[in-house]
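**Student:** The structure follows.
The values are calculated or read from the model by the stated rules, or taken from the named source; none is laboratory data. Everything quoted here is computed from the prediction, not taken from an experiment. Using ideal geometry, Cβ is built from the backbone for each residue, glycine included, and neighbour counts are taken over all protein chains shown. In case anyone asks, the SASA skips ligands and DNA or RNA and just uses the protein heavy atoms, side chains included. Shrake-Rupley method; radii C 1.70, N 1.55, O 1.52, S 1.80 Å.
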Amino acid sequence: MRFHKMQGAGNDYVYIDTAEESVGDPAQLAILLSDRNFGIGGDGIILIESSTQADARMRMFNADGSESEMCGNGIRCVAKYLFDRGRIGESARIETGAGMIGVQIAVVDGVGKAERIRVDMGRPRLVPADVPTTLRMDHGNDSAPVVGVPLDAAGSTLKVTCVSMGNPHCVIFVPDVAAVDLPAIGPRIEHHPAFPRRTNVEFVQQTGPSSFRQRTWERGSGVTLACGTGASAVCVAATLNGLTDRKAQITLDGGVLDIEWGSDDRVSMTGPAGYVFSGEVDPARVTVFDRILRR
């Protein structure tokens, strides 16, 4: 099976072009290939498929095999892959589990390859049932955005803001993001009963008027170097909390993303996308090797 390892701000996935390869069980394949010791290694796999409604379709499977609706860093890599091969122009539409997403090639390098991509992330979903979350504002309004609401988790009471960018996010502003024990508290929030479909978790520190430092616990994958939908949710959450004026430059462990929540209510994200390597793997051999080692 031919694969392509790509990364967007360090958020790395194994990409499989279904025009080149057939995929049996993508959930099981994600578990096998994402393993950083016995597989290729990555935060999951992304399938690049044809679409009858758009220029292409993207399907994303986390490292635990669960399918997610959308990945902001992943869709930039899909756009780069397609642009570099001449299969899309500088503007395109990509079908995802979160709907149709528009992409724009923002920077092309000296050899005609995409370097930075702008993504129309769409409108944030703020009604609690749409996130989804069972949390509500103090007055119990079922349609009011969840902004700075207390959540008891891992022995602490945290003030959380909930946003969906096609997938659920729980954003928590803290004075020192480096002090957060993310591997310990991240899964406790991801699986908290307040989030019926689990949630991505972002701990965020404001570093300037419109700049933030973000660390992410990604639903189904754990600690990741970057999360594009998460950065988009952070910009929305920061605006709702009165911390910025609808624009944010967000520094993640793997790079920097520029986010804007426009007056048309749509969020745009601009960031890098790059190749790591390509190769071939026999999933059956990975499965056999895995079984032998785990007996």
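**Student:** Please identify, among Arg93, Arg213, Arg285, the residue showing maximal mean-square fluctuation in a Gaussian network model of the chain using a 10 angstrom Cα cutoff.
**Tutor:** Arg285
**Student:** Expressed in nm to one decimal, what extension gain is obtained for the pair Asn141 and Ala19 from 0.36 nm per residue of sequence separation less their Cα-Cα distance?
**Tutor:** Length difference between fully extended and current span is 39.1 nm.
**Student:** Counting Lys and Arg as +1 and Asp and Glu as -1, each charge on the Cβ, what is the dipole of the stretch 110-183 about the Cα centre in debye, to the nearest 20?
**Tutor:** Charge dipole of the stretch 110-183: 360 debye, to the nearest 20.
**Student:** Nothing charged except the Cβ atoms of Lys and Arg (+1) and of Asp and Glu (-1): what's the magnitude of the dipole of the chain about its Cα centre? Round to the nearest 20 debye.
**Tutor:** 160 debye
**Student:** List every residue whose amide H lies under 5 Å from the amide H of Asn200, counting only residues 5 or more places away in sequence or on a different chain, with H placed 1.01 Å from N in the peptide plane.
**Tutor:** The answer is His169, Cys170, Arg219.
**Student:** Turning to a different aspect of this structure: How many nm separate the modelled label positions at Phe38 and Asn241, each set 7 Å beyond the Cα in the direction of the Cβ?
**Tutor:** So the label points at Phe38 and Asn241 sit 4.0 nm apart.
**Student:** Same structure again: At 20 °C and 1.002 mPa s, what whole-number value in µm²/s does Stokes-Einstein give for the translational diffusion of the stretch 138-284, with Rh from the Kirkwood sum over Cα pairs?
**Tutor:** 134 µm²/s
**Student:** Which residues in the stretch 195-229 have a backbone N closer than 20 Å to a point placed 7 Å from the Cα of Asp64 along the Cα-to-Cβ line?
**Tutor:** 195-203, 215-229
**Student:** Kindly give Rg over Rh for the chain, based on alpha-carbon atoms, with the Kirkwood expression for the hydrodynamic radius.
**Tutor:** 0.97
**Student:** Follow-up question, since we're still on this one. State the percentage of accessible surface on the stretch 92-193 attributable to carbon and sulfur atoms; use a 1.4 Å probe and exclude ligands, DNA and RNA.
**Tutor:** Heavy-atom surface of the stretch 92-193 belonging to carbon and sulfur, 1.4 Å probe: 50 percent.
**Student:** In the full protein assembly as shown, how much of His4 is accessible to a 1.4 Å probe, in Å² to the nearest 10?
**Tutor:** Rounded to the nearest 10, that gives 10 Å².
**Student:** Now a separate question. With a 10 Å cut-off between alpha carbons and a GNM built on the chain, which of Asp25, Asp43, Asp17 moves the most?
**Tutor:** Asp25
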